[in-house]
Amino acid sequence: MDKNLYVYNTLSRKKEIFEPINPPFVGIYVCGPTVYSDVHLGNSRTFISFDIIYRYLLHLGYKVRYVRNITDAGHLEGDRDEGEDKFAKKAKLEQLEPMEIVQKYTIGFHDVMAIFNTLSPSIEPTATGHISEQIEMIKEILANGYAYEINGTVYFDVEKYSKDFPYGQLTNRKLEDLLEGTRELDGQDEKKGRLDFALWIQSKPETLMKWPSPWGWGFPGWHIECSAMGKKYLGETFDIHGGGMDLQATHHTNEIAQSQACSNTVPVKYWMHTNMLTVNGVRMSKSAGNGFLPHELFTGNHPLLERGYSPMVVRFFMAQSHYRSTLDFSNEALQASEKGFQKLMKAGETLNKLKAENESTVNIEELKNNCYAAMNDDFNTPILIAHLFDAVRIINSANDGKEKINQTDLEKLKLVYKSFVFDVLGLKEDKTEKSGEGQLTSDLIDFILNLRLEAKKNKDFSTSDKIRDELTKKGVKIKDTKDGFEWELEN
Ligand code: AMP
Ligand code: ZN
């Protein structure tokens with residue numbers, strides 16, 4: 001097990017050495033999607049970031065239980081229990097049952113995750129499947145005096161809680177500062193404190209999704225589901241809890257409060273948050289209406305897109321920025337990523353064909369150590385990718401005969417490449433790129449270049465030059481190698 005892994009903990013605001021509570025087991029909980037609409041590319045970024053984290057922990061040999069929930073009930077439009085129920089609203093709009101909405105968008109989410117080559121979580125629990133666990137937890141919070149009931153709705157008492165625990169610790173904010181950011185209560189409000197939030201909400205006659213409880217018919221508040229399901233599957237304190245940064249101030253702050261108020265336990269050792277995908281500097285979100293759907297990106301069918309990009313190019317584009325940095329979407333950035341991705345894949349193919357020499361002029365041990373050092377530094381994928389391009393240079397130089405690599409180093413290089421490019425970054429050959437027209441073009445260029453090779457062998461240099469010039473004019477970059485040729489399309 002690697003003892004040098006450092007992870008940035010939102011709670012302590014620093015990088016900490018990763019020491020699981022019960023090694024070799026690691027428990028991770030990531031807040032999953034709210035399945036009332038399609039997942040956009042921003043949501044996908046968060047899930048891809050955690051997929052890479054999950055993959056790296058598996059690569060290091062940990063036995064990981066990765067829980068990623070599905071929010072399929074109890075999510076009102078406002079962060080603080082205001083507005084309409086998102087599922088009910090969508091169900092009315094699409095003239096479907098709320099559970100048909102849940103089913104439709106859960107399937108859509110799974111499809112997107114599969115297209116992006118993310119590994120399935122170990123457990124994918126739903127809020128509606130864990131109503132009794134949530135009710136039990138609310139009962140305990142009430143019994144401990146940190147909640148109160150008014151007309152069938154149960155509120156968490158933030159003021160009472162913050163006398164015993166630091167409520168805003170996750171975002172390092174004091175209660176007074178948090179209060180400043182909220183609106184005054186008016187006569188319409190039942191709750192006692194401005195920061196109080198609902199653990200259980202009484203249903204109205206028209207509410208579609210409701211369950212019986214000790215407080216009458218109703219449905220759970222949004223935050224309690226993750227506390228209840230995290231505890232059920234990972235225990236009262238588990239290793240990593242993640243989600244997008246937008247969840248820190250309310251959802252995760254309230255999760256910590258619920259767990260401490262229920263069993264006086266700190267629920268999580270390392271809090272990890274991914275930064276946002278933005279479009280022209282504005283956070284991509286369902287409500288802002290600036291969310292690309294993954295299929296729009298693949299087909300290029302969106303006003304902001306110049307053309308389509310394949311799923312693996314998009315995944316590579318995401319891995320090129322660190323998960324804690326914002327990532328701004330642009331056509332130029334995606335085109336650069338496409339080039340980089342193709343280089344990486346091509347070098348992988350060349351690597352498989354490389355022949356070992358008797359000696360080595362390259363330092364593969366250093367390359368390997370650099371790759372581990374990058375990932376051990378809080379999963380720094382952009383630095384890892386920079387080192388993988390060092391590997392690409394080594395592979396191409398060895399292929400051109402400018403460097404030599406012996407059998408041991410060749411095996412080591414193949415293992416480094418496989419581990420980091422495919423197992424950890426989760427990239428794979430892009431099928432779409434090599435199907436249909438793309439495949440035909442590729443086959444035709446190979447065919448023409450083989451004709452050129454034959455012409456050269458027959459010393460018919462005028463034909464060989466003509467083929468080279470014509471293809472170059474059409475944007476095919478040709479490189480002559482020891483064994484024949486390599487080519488790529490210029491962008
Ligand atoms: P939601 O379905 O809106 O509950 O979001 C699912 C996950 O995606 C949460 O962890 C969010 O924090 C995350 N998320 C939402 N918008 C973005 C974005 N623009 N960039 C990255 N992650 C996001
Ligand atoms: Zn959650």
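The values are calculated or read from the model by the stated rules, or taken from the named source; none is laboratory data. Nothing here was measured: the structure is a model prediction, and the numbers come from that model. Please note: Cβ atoms are built from the backbone with ideal geometry, for glycine as well, and neighbour counts cover all protein chains shown. Please note that ligands, DNA and RNA were not included when accessible areas were found on the heavy atoms of the full protein model with its side chains. Shrake-Rupley method; radii C 1.70, N 1.55, O 1.52, S 1.80 Å.
Taking segment 11-33 only, how many residues are more than 16 Å from ligand 1 (Cβ to nearest atom), closer than 19 Å to Lys231 by Cα, open to solvent by less than 70 Å² (accessible area, probe 1.4 Å) and not in a loop (DSSP other than H, G, I, E, B)?
Of the residues in segment 11-33, 2 are more than 16 Å from ligand 1 (Cβ to nearest atom), closer than 19 Å to Lys231 by Cα, open to solvent by less than 70 Å² (accessible area, probe 1.4 Å) and not in a loop (DSSP other than H, G, I, E, B).
Mind checking which pairs have a first residue in segment 221-237 that is closer than 10 Å to His130 by Cβ and open to solvent by 10 Å² or more (accessible area, probe 1.4 Å) and a second that is assigned to a loop (DSSP other than H, G, I, E, B) and within 16 Å of ligand 1 (Cβ to nearest atom), Cβ under 7 Å, 6 or more apart or different chains?
From segment 221-237, the pairs are Tyr233/Pro125.
Does segment 388-426 hold any residues that are open to solvent by 40 Å² or more (accessible area, probe 1.4 Å), part of a helix (DSSP H, G or I) and touching a helix residue (DSSP H, G or I) at 6+ places or on another chain (Cβ under 7 Å), and which are they?
If the condition is that a residue be open to solvent by 40 Å² or more (accessible area, probe 1.4 Å), part of a helix (DSSP H, G or I) and touching a helix residue (DSSP H, G or I) at 6+ places or on another chain (Cβ under 7 Å), then Asp390, Asn396, Lys412, Lys414, Asp423 are the ones that fit.
Given the conditions (1) within 13 Å of ligand 2 (Cβ to nearest atom); (2) buried (at least 24 other Cβ atoms within 10 Å of the Cβ), which single one is not true for Asp246?
(2)
How many residues, within segment 264-295, are within 22 Å of Glu236 (Cβ to Cβ), touching a helix residue (DSSP H, G or I) at 6+ places or on another chain (Cβ under 8 Å) and open to solvent by less than 60 Å² (accessible area, probe 1.4 Å)?
Filtering segment 264-295 for residues within 22 Å of Glu236 (Cβ to Cβ) gives 264-273.
Checking which are touching a helix residue (DSSP H, G or I) at 6+ places or on another chain (Cβ under 8 Å) leaves us with 265-268, 271-273.
Within this subset, residues satisfying the condition of being open to solvent by less than 60 Å² (accessible area, probe 1.4 Å) are 265, 267-268, 271-273.
Selection size over segment 264-295: 6.
Could you please let me know if Thr250 is over 30 Å from Ser49 (Cβ atoms) and among the β-branched types (Val, Ile, Thr)? Talk me through it step by step, then tell me what you get.
Numbers: over 30 Å from Ser49 (Cβ atoms): no; among the β-branched types (Val, Ile, Thr): yes.
Answer is no for this residue.
So which residues in segment 427-461 are outside any helix (DSSP H, G or I) and either exposed (fewer than 13 other Cβ atoms within 10 Å of the Cβ) or modelled with pLDDT under 85 (or both), if there are any at all?
Going residue by residue through segment 427-461, those that are outside any helix (DSSP H, G or I) are 427-431, 435, 458-460.
Hits for segment 427-461 are Glu429, Asp430, Lys431, Ser435, Asn458, Lys459.
Please pick out the residue among Tyr36, Tyr8 that is out of contact with any helix residue (DSSP H, G or I) (no Cβ under 9 Å at 6 or more places or on another chain) and either in a loop (DSSP other than H, G, I, E, B) or more than 16 Å from ligand 2 (Cβ to nearest atom) (or both).
Answer to the selection: Tyr8.
Of everything in segment 359-387 that's among the β-branched types (Val, Ile, Thr) and within 23 Å of Ser321 (Cα to Cα), which residue is surrounded by the fewest Cβ atoms within 10 Å (Cβ to Cβ)?
Restricting attention to segment 359-387, the residues satisfying the condition of being among the β-branched types (Val, Ile, Thr) are 361-362, 364, 381, 383, 385.
When the remaining residues are screened for being within 23 Å of Ser321 (Cα to Cα), the result is 381, 383, 385.
Working: Thr381: 24, Ile383: 16, Ile385: 22.
Result: Ile383.
What pairs come up if the first residue lies in segment 107-122 and is under 12 Å from Ile70 (Cβ atoms), the second is in a helix (DSSP H, G or I), and their beta carbons are under 7 Å apart, counting only those six or more places apart or on different chains?
Met113/Phe47
With Val67, Val112 as the choices, which residue is assigned to a strand (DSSP E or B) and over 22 Å from Ser203 (Cβ atoms)? Break it down stepwise before answering.
Values: Val112 fails: assigned to a strand (DSSP E or B).
On inspection, the qualifying residue turns out to be Val67.
Ser120 is checked against (1) open to solvent by less than 30 Å² (accessible area, probe 1.4 Å); (2) more than 18 Å from Pro214 (Cα to Cα); (3) in contact with a helix residue (DSSP H, G or I) (Cβ under 8 Å, 6 or more places away or on another chain) and fails just one. What number does that condition carry?
(1)
Restricting attention to strands (runs of 3 or more DSSP E) lying wholly within segment 260-346, give those where 2 or more residues are away from ligand 1 (no atom under 14 Å from the Cβ) and modelled with pLDDT of 95 or more. Full working, then the answer.
Working: elements: 268-274, 277-279, 327-329.
Passing ranges, in order: 268-274.
Taking the options Ile52, Ile101, Ile131, Ile70, name whichever one is closer than 18 Å to Val39 by Cβ, at pLDDT 95 or above and away from ligand 2 (no atom under 15 Å from the Cβ). Steps first, please.
On the way: Ile101 fails: at pLDDT 95 or above; Ile131 fails: closer than 18 Å to Val39 by Cβ; Ile70 fails: away from ligand 2 (no atom under 15 Å from the Cβ).
Unique residue meeting the criteria: Ile52.
Does Lys210 count as within 13 Å of ligand 2 (Cβ to nearest atom) and surrounded by fewer than 24 Cβ atoms within 10 Å (Cβ to Cβ)? I'd like the intermediate steps shown before the answer.
On the way: within 13 Å of ligand 2 (Cβ to nearest atom): no; surrounded by fewer than 24 Cβ atoms within 10 Å (Cβ to Cβ): yes.
Here the answer is no, as Lys210 does not meet what is asked.
Identify the residue in segment 175-186 that is modelled with pLDDT of 80 or more and under 20 Å from Met245 (Cβ atoms) and, among all such residues, is most open to solvent (accessible area, probe 1.4 Å). Walk me through it before giving the result.
Let us first name the residues in segment 175-186 that are modelled with pLDDT of 80 or more, namely 175-180.
Right, trim to under 20 Å from Met245 (Cβ atoms) and you get 177-178.
Numbers: Asp177: 71, Leu178: 23 Å².
Selected residue: Asp177.
Considering only residues of segment 191-207 that are open to solvent by 70 Å² or more (accessible area, probe 1.4 Å) and among the charged types (D, E, K, R), which is modelled with the highest pLDDT? Before the answer, list the steps.
Filtering segment 191-207 down to residues open to solvent by 70 Å² or more (accessible area, probe 1.4 Å) leaves 192, 202, 204-206.
Checking the rest, the ones that are also among the charged types (D, E, K, R) come to 192, 204, 206.
Numbers: Lys192: 92, Lys204: 89, Glu206: 85.
Of everything passing the filter in segment 191-207, Lys192 is modelled with the highest pLDDT.
Can you confirm whether Thr46 is under 22 Å from Lys286 (Cβ atoms), at pLDDT 95 or above and within 16 Å of ligand 2 (Cβ to nearest atom)? Can you show your working first?
Numbers: under 22 Å from Lys286 (Cβ atoms): yes; at pLDDT 95 or above: yes; within 16 Å of ligand 2 (Cβ to nearest atom): yes.
Yes; evaluated as a whole, the condition is true for this residue.
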